[in-house]
């Protein structure tokens, strides 16, 4: 068992019956677990020639900003539509209950930049794939992604690997 699981709070039937919600805010609140987690991510990526880190709203901001700082690279906010003040690239994606979109600023990425995508959890992969497509649309490339938790049964990490991305996670949970 991964050490980080002792810091993850599982909340049954949230936000819907039958879902086991994996609450990672308990990691962020810990003065032991949060720095240790960031250090593990940084150690994994320090020799990978990452140009920038892209954090997916909102928990990806908490992780990605710290990782970018420690790697000594810039940070890109991948936001829900309508949240960024300047002109943006936009990528729509399908959710179980409809459509949504992610955006980044037009000038966030230089042609050929190698971007690390960061978020708290990988499930079906919809949001991460949308972020990857958005980064490619902006001229960047994505060789690596990282998440605290993987729900492998939902196939998101497999989809990213099939798209040519390495996926690094600190813990896996079976089921929803």
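Each reported figure results from applying straightforward, stated rules to the coordinates on display, with no laboratory input. Here the structure is a predicted model, which means the values were calculated and not measured. Because the Cβ atoms are built from the backbone with ideal geometry, glycine has one as well, and the counts that use them run over all protein chains shown.
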(Q) Taking the Cα centroid of segment 118-148 and of segment 72-115, what is the distance between the two, rounded to the nearest whole Å? (A) 10
Q) How much mean residue ellipticity at 222 nm does the chain get from its helices, if each DSSP H run of length 4 or more adds -39500 (n - 2.57) and you divide by all residues, to the nearest 500 deg cm²/dmol? A) -8000 deg cm²/dmol
Q. For the chain, what is the relative contact order in percent, using Cα pairs closer than 8 Å and at least 6 residues apart in sequence?
A. 18
Q. Between residue 163 and residue 136, what is the spin-label point distance in nm, taking each point 7 Å from the Cα along the Cα→C-beta axis?
A. 0.7
Q. What distance in nm separates the simple spin-label points at residue 155 and residue 80, each placed 7 Å from Cα in the Cβ direction?
A. 2.7
Q | Cα-projected label distance for residue 107 with residue 94, points at 7 Å along beta-carbon direction, nm | A | 3.7
